[in-house]
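**Q** First, the structure itself, so that you have it in front of you.
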Amino acid sequence: MTNGGKSTLSKSLQQQIPNSCIIAQDSYFKDDSVVPVDSNGFKQYDTLDALHMDTMMTEVNSWRQDPESFLRQRDLNSEHKTLDKDVCVLIVEGFLIFNYRPLNELFDKRYFMEIPYDVCKKRRSSRTYEPPDPPGYFDGHVWPMYLQYRREMENITSDIVFLDGLKPREELLAAVYKDVVYEIERLREKD
């Protein structure tokens, strides 16, 4: 969901978890000149066709093959100088990550931030986008695409934890952090 709090939660989680990094889907948008346009003249940014998912998958697979090298090459481990060899955590954040099956199949944990329509629209209108949203874009494209992809996501994946994006940030962070730490411990015991 756009403006649901994904980036905020991801960044806070990354600061709490040693040996972690974030790959954000927003970093993989195609050039504006090749983003498809719908019959209403709206650029289709809220679709998988607007993203370089192959490049994103290459990055995710690079991390999976050698997390330590991935962090070092991107100078992302400066906060955590010594890597805990047994568990590194990749936080993948984005609005369509569960709709891209090759990526979705890799996740150990899945979280989906939800906020109501009116809150989402208000947050979206308070942000500056490049290029800017044209008049009617939220109601004519963004929200309908969210609803479409949400239905698709629910049909693809059943083990998603839905989070109320209206709850305080600290509460959301504490809940997800606790869950992730539990998963890290489970993975350590497995090895």
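**Q** Name the residues in the stretch 46-62 that are open to solvent by 30 Å² or more (accessible area, probe 1.4 Å) and in contact (Cβ under 8 Å) with a residue 24 or more places away in the chain, would you?
**A** Selection gives LEU48, HIS52, THR55, GLU59.
**Q** With the requirement that a residue be over 16 Å from the mean Cα position of the chain (by Cα), in a loop (DSSP other than H, G, I, E, B) and either under 17 Å from VAL92 (Cα atoms) or modelled with pLDDT of 95 or more (or both), what does the stretch 33-67 give you?
**A** Within the stretch 33-67, ASP66 is the sole residue that qualifies.
**Q** Right, something else. Would you pick out the residues in the stretch 161-191 that are surrounded by 12 or more Cβ atoms within 10 Å (Cβ to Cβ) and of a type in the set (Asp, Glu)?
**A** Across the stretch 161-191, the qualifying residues are ASP164, ASP179, GLU183.
**Q** Please state which of the following conditions PHE138 fails to meet, knowing it meets all the rest: (1) among the aromatic types (Phe, Trp, Tyr); (2) under 26 Å from LYS190 (Cα atoms); (3) touching a helix residue (DSSP H, G or I) at 6+ places or on another chain (Cβ under 9 Å).
**A** Unmet for PHE138, out of (1) among the aromatic types (Phe, Trp, Tyr); (2) under 26 Å from LYS190 (Cα atoms); (3) touching a helix residue (DSSP H, G or I) at 6+ places or on another chain (Cβ under 9 Å): (2).
**Q** Then there is this: Would you say SER158 is open to solvent by 70 Å² or more (accessible area, probe 1.4 Å) and farther than 16 Å from SER10 by Cα?
**A** yes
**Q** Which condition from (1) more than 25 Å from ILE91 (Cβ to Cβ); (2) within 19 Å of the chain's Cα centre (by Cα) is the one that SER125 breaks?
**A** Result: SER125 fails condition (2) only.
The values are calculated or read from the model by the stated rules, or taken from the named source; none is laboratory data. Here the structure is a predicted model, which is why all the values come from computation and not from measurement. We place every Cβ from the backbone using ideal geometry, glycine too, and count neighbours over all the protein chains shown. The accessibility values were calculated without ligands, DNA or RNA, using every heavy atom of the protein model including side chains. Shrake-Rupley method; radii C 1.70, N 1.55, O 1.52, S 1.80 Å.
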